[in-house]
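Trainee: Would you mind keeping the following structure in view while I ask a few things?
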């Protein structure tokens, strides 16, 4: 069943020579190994690099795998703070390209930012930032995997997996729910890690929403960082007065 398209949807292509979507089972060791498909959290992090505001919560709807999944193993010298040399082997995805569809919703855990809930403003700035390649550096999972973002129409072009049928994956990391984005009552005030079992159909993976993940674990208690003019860390619409606001279409 195809997911509905929201009126504040954004679509973009993300590509680069390498990607590392770390498997949580190997992340703590020196032998990092990437998942074969991107995680929800990694794609959400890309959107945060493109355009982030605490007023909104980005929701990843779907990702389309454009190129064949292939890996490359590299010898890495990680930082060894005790001195001397060390060697680890990282397994990266190589020559990757994805099409991503996402939308945003209001962050109702932040009532102090209600005055900034202007859908037209956020949607147009996000689309403009995608055209410009993002506000900050964009990378695919890990900092050393630099990537590039550009607008696209989701579903256009040829994918290597267009006729691959249904491919099911085992239990995988979905993402982290922080206290300020928690929607389920049992997740309020906590940091929660989520897992799920994805299915790719003809190269497209439709993500479930974080609130619908039933396999999860609370890591620790977490407070919500306050924003607002009184904290001198958020100005809302004032930041566009006489400037960027005039560019909104």
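The values are calculated or read from the model by the stated rules, or taken from the named source; none is laboratory data. This structure is a prediction, so every number in the text was calculated from the model and none was measured. Quick reminder, even Gly has a Cβ in these numbers, built from the backbone with ideal geometry, and neighbours come from all protein chains shown.
Trainee: Residues of the stretch 57-90 being modelled with pLDDT under 95 and either crowded, with 19+ Cβ neighbours inside 10 Å or in contact with a helix residue (DSSP H, G or I) (Cβ under 9 Å, 6 or more places away or on another chain) (or both), which ones?
Mentor: 90
Trainee: While we're looking at this one, here's another question. Hey, does the stretch 169-184 have a residue that's modelled with pLDDT of 95 or more, surrounded by fewer than 17 Cβ atoms within 10 Å (Cβ to Cβ), under 19 Å from the mean Cα position of the chain (by Cα) and under 25 Å from residue 6 (Cα atoms)?
Mentor: no
Trainee: Turning to a different aspect of this structure: List pairs: first residue in the stretch 126-149 and on the phi < 0 side of the Ramachandran plot and in contact (Cβ under 8 Å) with a residue 24 or more places away in the chain, second residue exposed (fewer than 15 other Cβ atoms within 10 Å of the Cβ) and assigned to a helix (DSSP H, G or I) anywhere in the structure, Cβ distance under 8 angstrom, at least six positions apart or on different chains.
Mentor: Final answer for the pair search is 128/247.
Trainee: Which strands (runs of 3 or more DSSP E) sit wholly inside the stretch 30-122 and have at least 2 residues that are in contact (Cβ under 8 Å) with a residue 40 or more places away in the chain and over 23 Å from residue 17 (Cβ atoms)?
Mentor: It comes to 56-65, 88-106.
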